[in-house]
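Written below as structure tokens is the structure these notes are about.
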Amino acid sequence: MLPGPQGLGSLIRGNRGWGCGLADIGSDIERPLGQAVRPPRAARRISAGVVAATLLVLAVIGVSGAIALRERPFRKPEEVAVLTPKATEVVDPATLATEPAPKAEAASKASISETGGSKKGGSKTGGSKTGPQIIHMQTEAGDGPPGAIVIHDPSTTGQNLRIAHIPDRALVESGETGPLPVRAADGRRPFDVYARPWSGARGARVAIVIGGLAVSQTGTQAAIAKLPAEVTLGFAPQGNSIGRWMQAARQSGHEIVMQVPLEPFDYPNVNPGRNTLTVVATPDENLENLRWALSRTTNYTGVMNYMGARFSADAAAMAPLMAELGRRGLAYVDDGSSARSLAPELALKNGVPFAAGDISIDAVRDRGAILKKLDELEATARAKGFAVGIGSAFDMTVDTVSSWVIEAKKRGIEIVPISAVAVDPEKG
């Protein structure tokens, strides 16, 4: 007998429960022995602190990797410093606008930009660009940046010794008898540009000036070859081939001065040579003779008297000479032979760098006598900080000075050019 509707529903519901029971039994049979049924896992939550720590670690790793992969990490600041310029010629900005430099010379030109300011004792020739400047220069080795910036004071720029024999065209003007030294439009002086560099130390310093070069060809050649580069050389204007000897001396590293013949006592019985400046000549005549001597060569820092005891003691005669030197930016070296010389006072008045000889080292041309004078020179330098010795290009003098300089350096004496001991009124 078939069940009624209610019985049939109960049967269907019973069969459904039985089916579920069979499924559970099957699952239990397939489960490995010894494992209990685990409840389903709830989703884990990641805290904000864990996320932040993870990001920080990744950032540190990224930065470390970037530094490690750089070609040259932690570059040193000296990579942008200018050591030695390829050329020290400075181009006047006014000429750059009208006369662009050829491509072949462009690398050796220095481009100037004014930064304002003024310089004590500026140019007396009307130049207004005497303040500090910024110069873009190429480095010597060529491995630095293409245009490093150097703060430049026109009064402290010395010439590169590799091109010291080449006149700076900005420091030359045409004269009736040849090229004349002159201040540059930017305020630079021949005294500054043609000066030989030195250490700047405060120890005992000795400057030695050997004059009379270009009078004897063989003597001049020997003096340039034998004398240490720190010794200053003086050229006689009456000499021959002065331009050639000047280039040889500057290429060897010497600073040079031009000797000027001045009237001594007992003139003309005692005669310094042609074109001597005298006390009876007019200022114009003396300036003409001075300019003749100055035009004999270039690349010198100043002039040194040749004789001149009477002339240097006459204020009316000396004043125009000093004014001309101040206008042209040249130094005056007094050989120290006359105690009546007015050169120190007139040099200060006209802004002329000044140095005076302390000892004549070869008044007696004997090796022993010269060595004694050089020892006195060293003692003077140790006592007051520096000393100036004056000599002539005799073979005995050249040989003795050459050997003495080597020994003096071992004793801690620095041999310096004459410009290093000059008193410069423009620098206070």
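Every read-out reported here was derived from the displayed coordinates using simple, explicitly stated rules and does not represent laboratory data. Predicted model, so just to flag it, every value in this text is computed and none were measured. Glycine gets a Cβ as well: all are built from the backbone with ideal geometry, and neighbour counts include every protein chain shown.
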### Query
Counting Lys +1, Arg +1, Asp -1, Glu -1, what net charge surrounds ALA229 among other residues with beta carbon under 14 Å of its beta carbon?
+2
### Message
Strictly over 29 Å apart at the Cα level, which of LYS349/LYS372; LYS372/LYS410; LYS384/LYS409 would you flag in this model?
### Response
LYS349/LYS372
### Summary
Under the 7 Å Cα-to-Cβ spin-label approximation, LEU161 and ARG244 lie apart by a distance in nanometres of 2.5 nm
### Query
How high is the relative contact order of the stretch 190-427, in percent, counting Cα pairs under 8 Å that sit 6 or more residues apart?
28 percent
### Message
Give the residue list of trypsin sites (Lys or Arg not before Pro) in the stretch 335-428 that are DSSP loop and have at most 15 other beta-carbon atoms within 10 angstrom.
### Response
ARG340, ARG365, ARG411
### Task
Report the net charge of residues surrounding GLU407, where surrounding means a beta-carbon distance below 11 angstrom and charges are Lys +1, Arg +1, Asp -1, Glu -1.
+1
### Task
Using DSSP to define loop residues, name the trypsin sites (Lys or Arg not before Pro) in the stretch 180-209 whose beta-carbon has at most 12 other beta-carbon atoms within 10 Å.
ARG202
#### Entry: Among GLN259, SER403, THR297 - extreme Cα towards positive end, dipole of the stretch 190-427, charges at beta-carbon
SER403
### Query
Mind checking Rg over Rh on the stretch 190-427, alpha carbons, Kirkwood formula for Rh?
0.94
### Query
Residues with beta-carbon under 15 Å from that of VAL279, excluding VAL279: net charge, scoring Lys, Arg +1 and Asp, Glu -1?
-3
### Task
May I ask you to work out the translational diffusion coefficient for the stretch 237-332 at 20 °C, viscosity 1.002 mPa s, via Stokes-Einstein with Rh from the Kirkwood sum over Cα pairs, reported in whole µm²/s?
155 µm²/s
### Summary
Answer in debye to the nearest 20: the dipole magnitude of the stretch 162-290 about its Cα centre, from +1 Lys/Arg and -1 Asp/Glu charges placed on Cβ, is 760 debye
